[in-house]
1. Just to be sure, is residue 9 assigned to a helix (DSSP H, G or I) and surrounded by 17 or more Cβ atoms within 10 Å (Cβ to Cβ)?
2. Identify the residue in the range 12-28 that is touching a strand residue (DSSP E or B) at 6+ places or on another chain (Cβ under 9 Å) and free of Cβ contacts under 8 Å to residues at least 24 places away in the same chain and, among all such residues, is surrounded by the most Cβ atoms within 10 Å (Cβ to Cβ).
3. Go through the range 161-183 and count every residue that is outside any helix (DSSP H, G or I) and away from the ligand (no atom under 16 Å from the Cβ).
4. Inside the range 92-102, can you point out the residues that are in contact (Cβ under 8 Å) with a residue 60 or more places away in the chain and either surrounded by fewer than 17 Cβ atoms within 10 Å (Cβ to Cβ) or within 28 Å of residue 72 (Cα to Cα) (or both)?
5. Does residue 209 satisfy the condition of being exposed (fewer than 12 other Cβ atoms within 10 Å of the Cβ), modelled with pLDDT of 85 or more and within 23 Å of the chain's Cα centre (by Cα)?
6. Restricting attention to the range 232-239, does a residue exist that is outside the structural domain of residue 56 (by TED's automatic domain parsing) and closer than 23 Å to residue 94 by Cβ?
7. Name the single residue, out of those in the range 142-160 being near the ligand (Cβ under 10 Å from one of its atoms) and within 30 Å of residue 221 (Cβ to Cβ), that is surrounded by the fewest Cβ atoms within 10 Å (Cβ to Cβ).
8. Within the range 97-111, is there a residue that is more than 21 Å from residue 220 (Cα to Cα) and at pLDDT 95 or above?
Ligand SMILES: [Zn+2]
């Protein structure tokens, strides 16, 4: 994609981020590298520039690159080293299929999936910037994996003698998870379909199986391998390249209680300070309204009791 186009979109994001996300940018500047991303509500972008928001959903690749470049520019007074910063967009309402309906029409688009995590892999390092050296003439080449073509022949002597230099290449953490539709969304007895999802960099190890999340990402494809590890022509596997994760609150009905938890609950029920403790557990940052918070709890628990006991 033309750099001039990315530069023009970046200027729009410079303005958008200053106007809507100045506080979040301060937070990331103060907390970097513990914090490496900011969450951006697509509805804010829709207010600022509806066309740009529509482009983000339709052609996320280019728009994300420009948004991330803008964020990086705003952090120019601190040393990023080889770390990346990310704009993690969430909250779109255009492409929101069921996991089982994700198909070729969504390839390359930004989609939002209400998902249940069913599996999580170990972390594996993925090459972000590969350094290649020719074993014959020592010519060197830097390749941004996923952006540039990985070279096959040496650009200087044209021999097939390139070798990756691992010590100088830059890596990023990658973790794969599998998600499916939440149980209540499955139609009848449809077998559960799982989608492979890639989490990179600061998203790694932020979720575990059983978590219910709003997952936003770009649907991508990669060649399917046969049993001998060779790529099959014209057949591809879909996976979601994650842009953001928003955890969802667990529903009451989804909770399972272990024996140990049951023992703790029963012990807690005999605590003479139970009223005060429950009141203080709701919105602990709000001081001095203990009767009101206790009242909220009483109303919530009474409703639940009626559902359970009729
Ligand atoms: Zn060479």
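1. On the way: assigned to a helix (DSSP H, G or I): yes; surrounded by 17 or more Cβ atoms within 10 Å (Cβ to Cβ): yes.
When the stated conditions are applied, residue 9 passes them.
2. 21
3. 14
4. Taking the range 92-102 as the starting set, the residues that turn out to be in contact (Cβ under 8 Å) with a residue 60 or more places away in the chain are 92, 98-100, 102.
Correct list: 92 only.
5. Values: exposed (fewer than 12 other Cβ atoms within 10 Å of the Cβ): no; modelled with pLDDT of 85 or more: yes; within 23 Å of the chain's Cα centre (by Cα): yes.
Spelling it out, it is not the case that residue 209 is exposed (fewer than 12 other Cβ atoms within 10 Å of the Cβ), modelled with pLDDT of 85 or more and within 23 Å of the chain's Cα centre (by Cα).
6. Yes, the range 232-239 contains at least one residue that is outside the structural domain of residue 56 (by TED's automatic domain parsing) and closer than 23 Å to residue 94 by Cβ.
7. Our first condition is that a residue be near the ligand (Cβ under 10 Å from one of its atoms); within the range 142-160, this holds for 153-160.
Now narrow it down to the ones that are within 30 Å of residue 221 (Cβ to Cβ): 153-155, 160.
Values: 153: 12, 154: 21, 155: 13, 160: 10.
Going through the qualifying residues, I end up with 160.
8. Step one: of the range 97-111, the residues more than 21 Å from residue 220 (Cα to Cα) are none.
The answer is no; no qualifying residue exists.
The values are calculated or read from the model by the stated rules, or taken from the named source; none is laboratory data. The shown structure was predicted, so the numbers you read here are calculated from the model rather than taken from an experiment. All Cβ positions, glycine included, derive from the backbone under ideal geometry; neighbour counts span all protein chains shown.
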